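Novice: Let me begin by handing over the structure; questions about it come next.
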Amino acid sequence: MPSLQCQNCGEPVRLDEPIPRDAECASCRHDLRACRNCRHYDPSYNNACRETMADPVEDKTRRNFCEYFYFNRAPFQQAAASGRADQARAKLDALFGGASTKPPGPTDARAKLEALFGRPPATDERAGDARRQLDDLFRKPAAGEGPDPDDPSDDDARS
């Protein structure tokens, strides 16, 4: 049996080929019959696959029905951080003065707004007045109350 290794964690695979579709790595519990473990997997290619006839697969770490799957015999290599990404991040940090590791929380934003504009005036009294005016406006007449004879908008109610 050839030496097969999970390409997610490096654990030796103890299954014979063909690898069943529902097989999982005993160590990391990732699917074994996935693009990440296939010999055709190559992130630099279109759809990360060297097989031109294979259907595109959205998630390369999950099991799929690819007919071209063949377990990768290459030894496991830990994914290294991209040098280009590190360089780009360093340039951005230099350009913007470094980035805070902690994103600003809602309390920081609130404090900045209050410092800039001051605290808003207390509106509880105004809100109460507005609520009473609306209640009076849409209040239904009591059982003994009828339409107001002096109100010209109630002409339809009297006829």
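Novice: From (1) within 33 Å of the chain's Cα centre (by Cα); (2) of a type in the set (S, T, N, Q); (3) modelled with pLDDT of 75 or more, pick out the condition that doesn't hold for Gln133.
Specialist: With (1) within 33 Å of the chain's Cα centre (by Cα); (2) of a type in the set (S, T, N, Q); (3) modelled with pLDDT of 75 or more applied to Gln133, the lone miss is (1).
Novice: So which residues in the range 1-58 are among the acidic types (Asp, Glu) and touching a residue at least 40 places away in the same chain (Cβ under 8 Å), if there are any at all? Steps first, answer last, please.
Specialist: From the range 1-58, those among the acidic types (Asp, Glu) are 11, 16-17, 22, 24, 31, 42, 51, 55, 58; that's our starting set.
Listed by number, the residues that qualify are Glu17, Asp22.
Novice: Among the residues of the range 59-89, which ones are exposed (fewer than 10 other Cβ atoms within 10 Å of the Cβ), within 21 Å of Cys28 (Cα to Cα) and acidic (Asp, Glu)?
Specialist: Once the filter is applied, which keeps residues that are exposed (fewer than 10 other Cβ atoms within 10 Å of the Cβ), within 21 Å of Cys28 (Cα to Cα) and acidic (Asp, Glu), the range 59-89 yields nothing.
Novice: For a quick check of your reading of the model, give me the residue pairs whose first member lies in the range 92-111 and is surrounded by 10 or more Cβ atoms within 10 Å (Cβ to Cβ), whose second is modelled with pLDDT under 65 and not β-branched (Val, Ile, Thr), with beta-carbon atoms closer than 6 Å and at least 6 apart or on different chains.
Specialist: Taking only residues 6 or more apart or on different chains, the pairs are Asp93/Ala99.
The values are calculated or read from the model by the stated rules, or taken from the named source; none is laboratory data. These numbers come from a predicted model, not from an experiment. Note that each Cβ is placed from the backbone with ideal geometry, even for glycine, and that neighbours are counted across all protein chains shown.
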